[in-house]
Amino acid sequence: MILQNLSNALRQQNWLAVVLELVIVIAGIVMGFQINAWAVDQQLRVEERAFVDRLQADLDTLRLERANIARMAERNRTLNAGVLEKLSPESSATGFDPDECAFMIVSNLINYDPADLPALEELSSSGDRQFIRDPELNAAISTFVQGRQARSEIARELSSKTVDLSLRHSDLIRQRIFIPQNGLSPENLRAARLSEIRQIECDLAAMRTDGEFLNNIANNTVMLALYVEAVTERTDHSLTALTNALAAFQAGSSD
């Protein structure tokens with residue numbers, strides 16, 4: 001209808017009508033663009049809100065997981081300190097506690113420090129960040145993802161330098177499985193029952209005079225300390241920065 005009116009106005013050289021029709025056409029196009037932009041903006045807001053809610057839930061879950069791991073790590077550091085003290089030539093100790101002996105078997109396992117956030121994994125795999133319009137939040141996400149990759153490489157490097165003491169020094173750390181009278185069932189072999197069927201013996205006197213063993217347990221101690229500093233603490237700082245950026249965004253969006 002508009003095109004027909006415009007054509008008629010041109011044939012009649014009714015320039016006022018031509019101008020009015022053109023204004024109507026242009027206004028319609030502009031309004032169409034504005035409506036489309038508004039719809040796109042609303043969709044981005046929905047996607048942004050959904051992502052922020054998922055990221056917040058992931059952070060809450062990860063915080064609990066890391067707290068549990070931190071408690072285990074602190075326990076291992078305490079056991080490690082007790083082991084080193086008893087290995088000292090000045091120590092009057094004649095043996096290790098069962099937990100200390102068991103710790104030496106896993107003293108090389110330092111490569112677990114949870115930092116997974118499923119919302120960020122999905123975001124990284126899709127490569128689509130256009131719905132994250134807040135520059136501070138976007139920067140915090142980029143910093144966390146890039147830093148996590150660097151820390152992962154450090155963790156692999158440090159882990160490769162540790163020594164499995166129970167394998168390298170099987171004469172000093174001896175393990176055997178206790179076989180109950182009724183035999184072993186799959187239930188007996190579950191990790192939760194491992195402490196009941198695994199028997200460990202650690203020869204403290206021989207360890208004190210074995211230079212290679214002392215070097216290896218000192219090496220594991222150093223790698224663990226470096227891991228805490230270069231991976232765990234930096235991950236905590238990065239997560240704090242991401243959490244603060246997310247909280248600031250949520251506070252701003254609720255105003």
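The values are calculated or read from the model by the stated rules, or taken from the named source; none is laboratory data. What you see is a predicted model; the values in this text were computed from it and never measured. A quick note on method: Cβ atoms are made from the backbone with ideal geometry, for glycine too, and the neighbour counts reach across all protein chains shown. Remember, those area values only see protein heavy atoms, side chains included, never the ligands or the DNA or RNA. Shrake-Rupley method; radii C 1.70, N 1.55, O 1.52, S 1.80 Å.
Residues of the stretch 31-56 that are modelled with pLDDT under 70 and of a type in the set (D, E, K, R): Asp41 alone.
The lone criterion from (1) at pLDDT below 90; (2) in a helix (DSSP H, G or I) left unmet by Gln199 is number (2).
From the list Asp60, Asp97, the one residue that fits, being farther than 22 Å from Ala230 by Cα and either open to solvent by less than 30 Å² (accessible area, probe 1.4 Å) or more than 13 Å from the chain's Cα centre (by Cα) (or both), is Asp97. As a summary of the residue check, Pro89 satisfies the conditions (1) in a helix (DSSP H, G or I); (2) modelled with pLDDT of 85 or more; (3) farther than 28 Å from Arg198 by Cα except for the one numbered (1).
Would you be able to tell me the number of residues in the stretch 77-94 that are closer than 20 Å to Glu229 by Cβ and in contact (Cβ under 8 Å) with a residue 40 or more places away in the chain? Adding up the residues that qualify gives 3.
Residue pairs whose Cβ atoms lie under 7 Å apart, separated by 6 or more positions or on different chains, with the first residue in the stretch 220-248 and touching a residue at least 12 places away in the same chain (Cβ under 8 Å) and the second outside any helix (DSSP H, G or I) and open to solvent by 50 Å² or more (accessible area, probe 1.4 Å), are Met223/Lys161. Look at Glu122 and say whether it is of a type in the set (D, E, K, R) and either over 19 Å from Ile217 (Cα atoms) or surrounded by 14 or more Cβ atoms within 10 Å (Cβ to Cβ) (or both). Criteria met by Glu122. For Gly252, the conditions (1) at pLDDT below 90; (2) of a type outside the set (D, E, K, R); (3) within 23 Å of the chain's Cα centre (by Cα) all hold with the exception of (3).
Applying the set (1) within 20 Å of Ser159 (Cα to Cα); (2) surrounded by 14 or more Cβ atoms within 10 Å (Cβ to Cβ) to Glu74 leaves exactly one unmet item: (2).
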